[in-house]
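A.B. asks: Take a look at the following structure, please.
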Amino acid sequence: MGRQPCCDKVGLKRGPWTIEEDQKLMNFILHNGIQCWRLVPKLSGLLRCGKSCRLRWMNYLRPDLKRGAFTEAEEDQIIELHSRLGNKWSKIAAQFPGRTDNEIKNHWNTRIKKKLKALGIDPLTHNRIENTEDFESAKEATASNSSENLLKNGISSREPDAVSDMTLRTDKSESFSSSRMDETFPQDEHWIDNMDYLLSWDGFTSNLEEIFPFDSHL
């Protein structure tokens with residue numbers, strides 16, 4: 001079971017507090033003290049929630065409330081306590097009489113966190129932030145690795161093109177050599193059929209006649 005609500009919240013007033021309501025709450029607490037915040041609205045004659053009365057008293061109406069800007073000494077103390085306690089604002093506020101936990105939390109988020117970041121300190125861990133030079137060197141190393149990968153991928157992707165270029169060059173060289181052979185040894189001229197024909201006397205004489213035609217008158 002969850003925690004019971006502080007009131008029924010039926011017919012209660014919401015929104016900013018009026019001067020009359022502040023006066024009623026102050027008079028009741030100063031004369032009667034704080035016994036139970038759930039009973040304070042009914043006993044003081046206020047149509048407010050018990051939680052609303054507590055926050056109004058703690059953050060605005062209590063006599064020992066300290067107002068004004070935080071000093072540098074207070075900010076240094078807040079930083080030191082936050083490094084040990086973290087975001088436990090109620091415990092931190094207990095070390096500052098007159099300051100509220102809500103006020104300290106708001107001051108931390110709006111001013112002290114930015115101050116620590118400007119000094120190169122992480123507000124969460126209170127450790128020094130890594131050097132910018134190391135960050136830049138790491139970023140350059142990452143960029144160089146990515147460029148090398150892109151170069152390798154580019155070469156691998158162009159390998160089929162290189163193979164096709166080599167094939168095309170081989171085809172051209174073969175066609176060129178075959179054309180030179182055709183020029184050297186024309187296909188339409190008579191050529192020796194086989195070795196037996198060359199060794200036979202008829203074949204030898206016929207070739208001699210073709211090469212050195214004899215004069216029939218001799």
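The values are calculated or read from the model by the stated rules, or taken from the named source; none is laboratory data. All of these numbers come straight from a predicted model, not from anything done at the bench. All Cβ positions, even for glycine, are placed from backbone atoms using ideal geometry, and neighbour counts span all protein chains on display. With ligands, DNA and RNA removed, areas are computed over all heavy atoms of the protein, side chains included. Shrake-Rupley method; radii C 1.70, N 1.55, O 1.52, S 1.80 Å.
A.B. asks: When you scan segment 16-56 for helices (runs of 4 or more DSSP H) that lie fully inside it, which ones turn up with 1 or more residues that are of a type in the set (Ser, Thr, Tyr), over 51 Å from the mean Cα position of the chain (by Cα) and more than 22 Å from Glu103 (Cα to Cα)?
C.D. replies: Of the helices (runs of 4 or more DSSP H) lying wholly inside segment 16-56, those with at least 1 residues that are of a type in the set (Ser, Thr, Tyr), over 51 Å from the mean Cα position of the chain (by Cα) and more than 22 Å from Glu103 (Cα to Cα) span 40-44.
A.B. asks: Residues of segment 25-37 being at pLDDT 85 or above and open to solvent by 100 Å² or more (accessible area, probe 1.4 Å), which ones?
C.D. replies: Listed by number, the residues that qualify are Leu30, His31.
A.B. asks: Separate question: Right, Pro123: under 29 Å from Leu55 (Cα atoms) and either open to solvent by 100 Å² or more (accessible area, probe 1.4 Å) or part of a strand (DSSP E or B) (or both) or not?
C.D. replies: no
A.B. asks: Any idea which of Arg14, Arg48, Arg67 is under 30 Å from Thr110 (Cβ atoms), basic (Lys, Arg) and at pLDDT 90 or above?
C.D. replies: Arg48
A.B. asks: Are any residues in segment 92-110 surrounded by 13 or more Cβ atoms within 10 Å (Cβ to Cβ) and assigned to a helix (DSSP H, G or I), and if so, which ones?
C.D. replies: Ile92, Ala93, Asp101, Asn102, Glu103, Ile104, Lys105, His107, Trp108
A.B. asks: Looking only at segment 61-91, filter to residues that are under 32 Å from the mean Cα position of the chain (by Cα) and of a type in the set (Gly, Ala, Ser); which one of those is surrounded by the fewest Cβ atoms within 10 Å (Cβ to Cβ)?
C.D. replies: Looking at residues that are under 32 Å from the mean Cα position of the chain (by Cα) and of a type in the set (Gly, Ala, Ser), I get Gly86.
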